[in-house]
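What follows is one structure encoded as structure tokens, with my remarks underneath.
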Ligand SMILES: CCCCCCCC/C=C\CCCCCCCC(=O)SCCNC(=O)CCNC(=O)[C@H](O)C(C)(C)COP(=O)(O)OP(=O)(O)OC[C@H]1O[C@@H](n2cnc3c(N)ncnc32)[C@H](O)[C@@H]1OP(=O)(O)O
């Protein structure tokens, strides 16, 4: 829960307009990357205020039980949607905590309609919540999550990421949208 002196989130003046398709922040991202053959390929759209919507179609490769989505995959979809809120805050942050409720089973072939909103900011801590509904934005709730993201410097990635992947991004910044968006020059 945000502390009492947390402030409401503020949409950054340079945030993409509501309705803008955000695209992948990194082409190899398991959540959103379009060059990642094993990934979820989640497409997120900027909403009003500090909110995001996204869609994700559950594929056969995402099964846990026969014909049903694996819970970890659903948690990833929630995590990715929540992470996309950073575009609207124009902040680089990573997931510190993700608390997930699995409310209904989600069959393979389902289009999961996700929505996330930032609820508060306190120093480096970003509080947010998300929900995933089956079949339509008004469909039955299947999953819910509350998250704490923590703002980090670019060194979080350059110091800890595998060298060959960091090098590949530095050689071709187009592979990582965020390096342009935040004018990162590692
Ligand atoms: C050429 C290169 C270019 C690079 C550019 C890159 C840009 C990339 C852009 C965008 C990437 C976005 C990717 C999105 C992908 C989807 C989201 C994910 O899956 S992210 C991956 C999973 N998450 C992790 O791997 C985090 C691993 N954890 C850590 O690294 C640390 O624990 C970290 C950074 C989260 C915090 O460590 P501390 O040392 O910086 O800070 P402390 O002091 O520990 O925490 C700060 C505050 O947060 C609270 N806190 C931290 N973790 C908490 C927790 N789990 N629960 C509750 N509170 C927590 C602490 O109590 C503290 O609070 P108080 O300020 O004292 O009030």
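Counting the residues of the stretch 124-154 that are within 10 Å of the ligand (Cβ to nearest atom) and without any contact (Cβ under 8 Å) to a residue 12 or more places away in the chain gives 0. Yes or no: the stretch 71-78 includes at least one residue that is under 23 Å from residue 135 (Cβ atoms), over 15 Å from the mean Cα position of the chain (by Cα) and more than 11 Å from the ligand (Cβ to nearest atom). Yes, that holds for at least one residue. Just one of the listed residues (19, 64) is at positive phi, at pLDDT 95 or above and exposed (fewer than 15 other Cβ atoms within 10 Å of the Cβ), and it is 19.
So is residue 48 out of contact with any helix residue (DSSP H, G or I) (no Cβ under 7 Å at 6 or more places or on another chain), under 21 Å from residue 157 (Cβ atoms) and surrounded by fewer than 19 Cβ atoms within 10 Å (Cβ to Cβ) or not? Criteria not met by residue 48.
Among the residues of the stretch 114-129, are any part of a helix (DSSP H, G or I) and surrounded by fewer than 19 Cβ atoms within 10 Å (Cβ to Cβ)? No, the conditions are met nowhere in the stretch 114-129.
Every condition in (1) touching a strand residue (DSSP E or B) at 6+ places or on another chain (Cβ under 6 Å); (2) buried (at least 18 other Cβ atoms within 10 Å of the Cβ) holds for residue 80 except the one numbered (1).
Of all residues in the stretch 48-76, those satisfying the criterion of being over 21 Å from residue 126 (Cα atoms) and part of a strand (DSSP E or B) are 55, 56, 57, 63, 68, 69.
Residues that are within 9 Å of the ligand (Cβ to nearest atom) and free of Cβ contacts under 8 Å to residues at least 24 places away in the same chain were ranked within the stretch 158-167; the one that is surrounded by the most Cβ atoms within 10 Å (Cβ to Cβ) is 166. Whether any residue in the stretch 96-109 is within 25 Å of residue 55 (Cα to Cα), within 8 Å of the ligand (Cβ to nearest atom) and exposed (fewer than 15 other Cβ atoms within 10 Å of the Cβ) is what I want to check. Yes: one or more hits.
Taking the stretch 1-10 as the range and being touching a strand residue (DSSP E or B) at 6+ places or on another chain (Cβ under 9 Å) and surrounded by fewer than 19 Cβ atoms within 10 Å (Cβ to Cβ) as the test, the residues that pass are 1, 2, 3, 5, 6, 7, 8, 10. Tallying residues that are more than 12 Å from the chain's Cα centre (by Cα) and touching a residue at least 40 places away in the same chain (Cβ under 8 Å) within the stretch 2-34 yields 15.
Taking the stretch 24-45 as the region of interest, how many residues are within 14 Å of the ligand (Cβ to nearest atom) and exposed (fewer than 14 other Cβ atoms within 10 Å of the Cβ)? Here the count works out to 0.
The values are calculated or read from the model by the stated rules, or taken from the named source; none is laboratory data. Predicted, not measured: the structure shown is a model, and the values here were computed from it. Backbone-built Cβ (ideal geometry, glycine too); neighbour counts: all protein chains shown.
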